[in-house]
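Each remark here refers to the structure printed beneath this line.
The values are calculated or read from the model by the stated rules, or taken from the named source; none is laboratory data. In this text the structure is predicted, and so the values were computed from the model without any measurement. FYI the Cβ positions are ideal-geometry reconstructions off the backbone, even for glycines, and counts take in every protein chain you see.
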Amino acid sequence: MKAVSQINAMYAFVERSFRLIRRYLAWEAVFLFYNIINALTIGLIGMTNPIAPEKQGEVVLYLVVGALFWGFMSVLFEEVSNSITWERWEGTIEYTFMAPIRRITHLAGMCLFAILYGMCRTTIVLLAVVFFFDLSIDPGRILTALVVLFTGSPAFMGLGLIAAILPLLSPERGAQATHIIQGLILLVSGVYYSVSVLPGWLQPLSMISPGTYALEAARAALLKGAGIPELLPQLLILLLTGLVLIPLGLWIFSLAEQYAMRTGKLKRNG
Amino acid sequence: MPKMLEKHAEKAAETTVCPSSPLDLPQVSDTDIAICCEAVCKSFFEPVEGSRSWRNGFLGEKKRVQAVDHVSLEVRRGEIFGVLGPNGSGKSTLIRLMSTLLLPDSGTIQVFGKDVVQHHYEIRHWINRVSVEASFFKKLSAVENLRYAARIYGLPVKQGEEKALHILKRLGISKSKAYSPLETHSRGMQQKVAIARALMTTPVLILLDEPTTGLDPKSKRDVQQYVAEVKATHDATMILTTHDMDEAEKLCDRVAIIDRGKIIALDTPQGLKEQAGTDSLEEVFFRFTGVDWEEVLADESR
């Protein structure tokens with residue numbers, strides 16, 4: 001019975017968040033429109049003059065994969081890391097924190113919502129991109145890329161959990177500080193370029209970013225038709241990273257929660 | 001409690017369905033003491049305005065503010081316990097400490113015999129709170145907010161929704177209004193929804209943190225009558241913080257006066273008046289603190 005009520009509680013966050021999206025539909029439409037335009041403009045770089053016409057299709061796909069994956073990973077990261085900021089802004093943070101649920105249930109609910117929401121948004125952007133560039137991608141390759149997406153998700157949720165402590169520690173500046181972590185991942189993960197072009201001193205960071213492996217594997221699947229067996233090394237790294245980052249994120253979050261309860265930072269206005 | 005409210009509560013006891021206990025809750029012990037605070041202290045550090053300089057790395061200086069200062073009190077099971085005091089006196093901090101949202105610096109707080117620091121998860125099943133700000137997802141309707149609350153409190157959604165609609169109806173909120181976004185509701189209505197949310201989970205300890213502050217007279221009366229009704233019909237202990245002396249006198253079995261984090265007087269409203277040799281709680285406040293209650297209210301409205 002206890003497990004059922006924890007699952008019910010986890011679903012509360014998913015249901016609530018989707019209902020909020022419905023109420024903020026105009027905002028959603030604007031963000032989605034911007035995401036689509038962003039993916040299209042990035043894809044169009046692949047059609048510029050210096051690139052040989054026979055290579056353009058491949059380059060467009062390379063860039064579009066980056067845009068789509070970064071879009072999905074950003075949603076995961078932002079939804080998890082902003083869950084505290086959002087509740088503080090709405091003024092419900094104290095109610096959620098004094099509810100009789102385990103913190104892991106609360107955060108798992110937010111992560112589940114992030115995955116479902118990210119998939120919805122990415123699918124819409126993907127459809128727009130396929131239509132705009134008249135792309136034809138083998139469904140088998142898309143399926144492999146989806147496996148990569150799922151395998152990489154826990155690692156990004158773990159990073160999101162770690163970033164979510166910033167708004168707990170600093171109500172005024174924490175939310176903005178999460179962009180530093182997100183920006184660093186964008187810089188070092190080879191979202192729109194190969195990580196080999198990064199300066200030598202930045203390359204070690206690319207090796208510890210889960211984004212690097214997720215993008216490498218997704219591109220290998222979509223551009224070269226690599227199957228799951230060939231992608232096993234990257235998938236294994238992503239899985240291990242997730243296995244380390246999720247418990248680490250939860251542990252750090254629990255420390256930050258204790259700090260917030262000691263210093264009175266759970267309040268709406270800091 | 002005045003006769004009019006008592007009559008109303010008795011009548012309500014006949015008509016109100018007493019909600020059943022939520023599923024699989026840790027049971028409260030049979031103790032007669034709902035809350036026991038012993039020498040509880042809580043302080044915060046606040047930035048000093050204009051103190052940023054190169055000497056402190058532009059981080060600024062911080063001053064220590066003692067919000068709760070060696071508070072010791074016992075709240076008996078089933079009573080409405082009032083906490084009276086001006087803004088910044090420590091009322092809300094005390095409520096937050098009892099509701100497991102803050103950790104005390106020193107001292108202990110027990111809720112039905114369980115320590116709030118050690119057993120916060122268990123205690124959270126027994127309590128709910130109504131704060132001065134009706135804190136909701138304002139774009140969502142009352143029902144959507146209450147569905148969310150039902151789920152996180154482990155109630156079957158349908159049961160929670162039915163119970164909440166029953167309470168909302170009792171408080172004068174129509175079904176159609178219950179399905180419209182809360183941002184379209186008046187503050188009085190939002191506060192009634194907050195009360196429905198708190199009571200939907202059948203708490204045995206209800207923390208009412210200035211539930212009627214800023215409400216219009218009609219909403220205020222509705223809320224006060226409902227609090228009296230809940231007292232008559234439920235096995236619930238209530239802590240009520242308020243600025244309203246009449247409210248404290250009407251509803252509370254006992255009242256503590258808090259000033260600068262310290263409890264300076266604690267008794268029944270009648271007992272306090274007798275101690276101070278006066279017939280109004282405003283005068284009682286003046287006798288114990290040396291501060292005129294009208295001045296306190298005027299300061300707060302500035």
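Descriptive notes on the structure:
- Flag if B:Leu272 is closer than 21 Å to B:Val71 by Cβ and without any contact (Cβ under 8 Å) to a residue 40 or more places away in the chain: yes
- Residue in the stretch A:220-227 that is touching a helix residue (DSSP H, G or I) at 6+ places or on another chain (Cβ under 7 Å), more than 14 Å from chain B (Cβ to nearest Cβ) and basic (Lys, Arg) present: no
- Extreme residue, farthest from the other protein chains (Cβ to nearest Cβ), among residues of the stretch A:39-50 that are assigned to a helix (DSSP H, G or I) and of a type outside the set (S, T, N, Q): A:Ile45
- Picking from residues in the stretch B:148-162 that are surrounded by fewer than 23 Cβ atoms within 10 Å (Cβ to Cβ), assigned to a helix (DSSP H, G or I) and not acidic (Asp, Glu), the one that is nearest to the other protein chains (Cβ to nearest Cβ) is B:Val157.
- All positions within the stretch A:170-189 that are surrounded by 12 or more Cβ atoms within 10 Å (Cβ to Cβ), assigned to a helix (DSSP H, G or I) and of a type outside the set (Ser, Thr, Tyr): A:Gly174, A:Ala175, A:Gln176, A:Ala177, A:His179, A:Ile181, A:Gln182, A:Leu184, A:Ile185, A:Leu186, A:Leu187, A:Val188
- Residue check, A:Glu79 away from chain B (no Cβ under 14 Å) and in contact with a Cys (Cβ under 9 Å, 6 or more places away or on another chain): yes
- The conditions of being of a type in the set (Gly, Ala, Ser) and either at the interface with chain B (Cβ under 9 Å from one of its Cβ atoms) or crowded, with 19+ Cβ neighbours inside 10 Å (or both) are not met by A:Ala26.
- Breaking point among (1) of a type outside the set (Asp, Glu); (2) modelled with pLDDT under 90; (3) outside any helix (DSSP H, G or I), for B:Leu208: (2)
- Of the helices (runs of 4 or more DSSP H) entirely within the stretch A:190-270, those holding at least 2 residues that are surrounded by 13 or more Cβ atoms within 10 Å (Cβ to Cβ) and among the aliphatic types (A, V, I, L, M) occupy A:210-224, A:228-263.
- Residue in the stretch B:177-185 that is under 21 Å from B:Leu205 (Cα atoms) and either more than 14 Å from every other protein chain (Cβ to nearest Cβ) or not acidic (Asp, Glu) (or both) present: no
- When A:Ser5, A:Ser74 are checked against the criterion of being within 14 Å of chain B (Cβ to nearest Cβ) and surrounded by 14 or more Cβ atoms within 10 Å (Cβ to Cβ), A:Ser5 stands alone in meeting it.
- Taken over the stretch A:19-38, the residue count meeting the criterion of being part of a helix (DSSP H, G or I) and either within 15 Å of A:Glu90 (Cβ to Cβ) or in contact with a helix residue (DSSP H, G or I) (Cβ under 7 Å, 6 or more places away or on another chain) (or both) is 10.
- Verdict on B:Leu205 being within 12 Å of chain A (Cβ to nearest Cβ) and of a type in the set (A, V, I, L, M): yes
- Look at the stretch B:77-103: where a residue is farther than 20 Å from B:Lys231 by Cα and a partner is modelled with pLDDT under 95 and among the aromatic types (Phe, Trp, Tyr), sitting 6+ places away or on another chain with Cβ atoms under 7 Å, you get B:Leu101/A:Phe97.
- Listed by position, the strands (runs of 3 or more DSSP E) inside the stretch B:211-302 whose residues that are under 17 Å from B:Gly85 (Cα atoms) and in contact with a Pro (Cβ under 8 Å, 6 or more places away or on another chain) number at least 1 are B:237-242, B:254-259.
- Spans of helices (runs of 4 or more DSSP H) in the stretch A:51-162 with at least 3 residues aromatic (Phe, Trp, Tyr): A:53-81, A:103-133
- Hits in the stretch B:155-172 - residues which are in contact (Cβ under 8 Å) with a residue 24 or more places away in the chain and closer than 11 Å to B:Met200 by Cβ: B:Leu155, B:Gly160, B:Lys163, B:Ala164, B:His166, B:Ile167, B:Leu168
- Any hit, the stretch B:226-243, residues being under 18 Å from B:Asp292 (Cα atoms) and either surrounded by 18 or more Cβ atoms within 10 Å (Cβ to Cβ) or of a type in the set (S, T, N, Q) (or both): yes
- Flag for A:Leu223 being more than 30 Å from B:Lys42 (Cα to Cα) and modelled with pLDDT of 95 or more: no
- Residues that are within 14 Å of chain B (Cβ to nearest Cβ) and within 19 Å of A:His179 (Cβ to Cβ), drawn from the stretch A:88-126: A:Arg88, A:Trp89, A:Met110
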